[in-house]
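**Q** First the structure, which I've put down as structure tokens, then a few questions once you've had a look.
Laboratory data are not the source of any read-out in this text; all were calculated from the coordinates shown. All values reported here derive from a predicted model rather than from experimental measurement. A quick note on method: Cβ atoms are made from the backbone with ideal geometry, for glycine too, and the neighbour counts reach across all protein chains shown.
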Amino acid sequence: MNPVRRLLVSLLAGGLLCLAFPTFDVWVAAPVALALWAWAWAGAGARRGFLLGVAGGLVFFVPTLSWSGIYVGALPWLALATLQALFVGLAGALYGWLSRARSVRPLAFALVWVVAEGLRARAPYGGFPWLKVAFGQADSPFGRLVALGGAPFVGFVIALAGALLALVAQRALATLAARRGSDVTNVARPRMPSRRLALPAAAALVLGIVGVAVPLPTDGPTAEFLGVQGNVARPGLDFNAERRQVLDNHVAATLKAQEDVDAGRAPAPDLVVWPENASDIDPLRNADAKSLILETVDALKRPLIVGGLLEEPAGFVSNVALLFEPGKGNTDRYVKRHPVPFAEYIPNRAFWRMFSTEVDLVTRDFVQGPAPGVFRVTTASGQQIRAGLAICFEVAYDDIMRDAVQGGANVLVVQTNNATFGYTAESPQQLAISRLRAMEFGRSVVHVSTVGQSALITPDGTAHQVTSLFTQAVVRGALPLRDATTLATRLGEAPEWVAAAALLTMLALGVRGGRPAVPETTKEEDDDDAA
């Protein structure tokens, strides 16, 4: 494939991959996009593969992350998209070097993809795993595989299936080129090497449908949950300029929902959840805010989880989930473990200030929480709710969600605030991640946002009562509490480490073997390039 054609195919793949994520939700676009990348990068070499990967990555990340610049401008948005595209460039470089004999190598491509996504999820500053290819697959057979090996395993299978399709295409085009050549030279036509096409095609098909056989049980004792989406005065960075109004909104929506309980129109909740930033007035230090929350808890007669900000420790701020119980007040807290760099804290502030004084708009850094959070609440029927906590972007981090489940959570609670991203795809993208987490860990998820989308999610990944953006609403209903652990929970990070070890071995063997000559079996592919 000539360089221009490689570039066009790589750009097409990046654009196509956008369609696999909300709000397009065309999940089949993911394996097709990765097939195009596996084909375009094959034999490109490290340097050209890197450039092809970055170009395709930009076409993917720039539009899908456009919400990150909706109110803060183009610079942070494009900087984030470029950083993420560099990891796709790394994948292109590694695979371009490993496939330098010009043939598509499905296993090599799948390993490279998993390792590149793993690195992107960890670096720099803790990484940004948003838009892992698995996070667009909650409605696909591929997505069900998350219960076996987590998001990395889903990414591996999709990449492997895509690369197998690329191998089929490469071999088919090579065969057609050979046929055209034989016509010109009046040589007898070679027979279609059907097995060389049928085997990888069949393997790709099997990978595409095998997930249907993975069970996603939803059994178990149930508890009643109420999630409150109080809404804010306005979208944007100043969503909480009137902080008391945001708190009042959540109090009013909760008390209105309780009226239905008192009138017998709805069952009493066992646990009520408010979203992130529901009380940005410190509810432990501000008497008015604390009084409002305690009065609400007394009216509910049930525990309430409040998302708030605490003016502590000295010189810092804590983004927290607080558990309030009737007659007891605040009984437990979870501090966000992964504050967002450049939004909730400024890493290496002195260094980045040399490039922009805007870093000082974050006047106080958010502190990092010390441990996973699991709130324990006993229901009226005697069941114990063990709610594993995640705040906002933490839902995208494999380890944070897994730690909560391994810490005993039998239901997951995701509190988020999407007000700063307006009417964009950010909220649907986040809800899609929560759906996949439900499938991965076999846990129900109470996903509650200040402005939407909020939903109750059963362990099979089905989202119920999905709310609209920037409306006041509640989600309520019974969700199963499950203690059984999935294989993905038990394996933890092992699939990623196995992939990394296999890729390192492959790279070492490639270095040891030196740069191979183009084998005779690729002569047909050379003819295709010439054509």
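**Q** Order these by the 10 Å Cβ neighbour count, fewest first: 281, 400. Could you put the intermediate results ahead of the total?
**A** Details: 281 18, 400 21.
Listing 281, 400 from fewest to most nearby Cβ atoms yields 281, 400.
**Q** For n ≥ 4 DSSP H runs only, could you compute -39500 (n - 2.57) per run for the chain, divide by its residues and tell me the 222 nm figure to the nearest 500?
**A** Numbers: 16 runs with 245 residues, N = 531.
Using -39500 (n - 2.57) per qualifying helix, the result is -15000 deg cm²/dmol.
**Q** Taking N as the number of residues in the range 59-120, what is its alpha-carbon radius of gyration divided by 2.2 N^0.38 Å? Mind dumping the intermediate values first?
**A** Numbers: Rg = 14.4 Å, N = 62, 2.2 N^0.38 = 10.6 Å.
Output field value: 1.37.
**Q** Which lysines have a Cα less than 29 Å from the Cα of residue 336, not counting those fewer than 8 places away in the same chain?
**A** By straight Cα distance, residue 336 reaches 132, 290, 301, 328.
**Q** Using per-residue counts of other Cβ atoms within 10 Å, averaged over each peptide, order 145-157, 49-61 from highest down.
**A** Values: 145-157: 26.7, 49-61: 24.8.
Answer by packing, highest mean first, reads 145-157, 49-61.
**Q** So what is the orientation-averaged projected area of the chain, using the convex hull of its C-alpha atoms, in nm²? It would help to have the intermediate numbers written out before the result.
**A** On the way: hull surface 104.4 nm².
For the chain, averaging the hull's shadow over all directions gives 26.1 nm².
**Q** List 447, 464, 338 from most exposed to least, where exposure is judged by having the fewest other Cβ atoms within 10 Å. Intermediate results must be reported in sequence, preceding the final value.
**A** Working: 447 31, 464 13, 338 22.
Neighbour counts put them in this order, fewest first: 464, 338, 447.
**Q** Take 48, 337 and order them by how many other Cβ atoms sit within 10 Å, fewest up front. Intermediate results must be reported in sequence, preceding the final value.
**A** Numbers: 48 18, 337 21.
If I rank by nearby Cβ atoms, fewest first, I get 48, 337.
**Q** Hydropathy at least -0.5 by Kyte-Doolittle, axial extent at least 15 angstrom from the Cα trace: which helices of the chain, defined as entire DSSP H runs, fit?
**A** Values: long enough: 3-18 (23 Å, 1.46); 29-41 (18 Å, 1.41); 45-64 (28 Å, 1.14); 74-98 (36 Å, 1.52); 106-120 (21 Å, 1.42); 146-184 (53 Å, 1.33); 194-209 (22 Å, 1.32); 243-262 (29 Å, -0.78); 287-300 (20 Å, 0.69); 426-441 (23 Å, -0.36); 494-513 (28 Å, 1.22).
In the chain, the long hydrophobic H runs are 3-18, 29-41, 45-64, 74-98, 106-120, 146-184, 194-209, 287-300, 426-441, 494-513.
**Q** Another question about this same structure. Under 8 Å for C-alpha pairs, at least 6 residues apart: give me the relative contact order for the range 3-214, rounded to a whole percent. Don't skip to the answer; put the middle values down first.
**A** Values: 358 pairs, mean separation 45.6, N = 212.
In percent, rounded to a whole number, it is 22.
**Q** A further question on this structure: Using alpha carbons only, what's the Rg to Rh ratio of the range 3-214 with Rh from Kirkwood?
**A** Values: Rg = 18.0 Å, Rh = 17.6 Å.
Ratio value, two decimals: 1.02.
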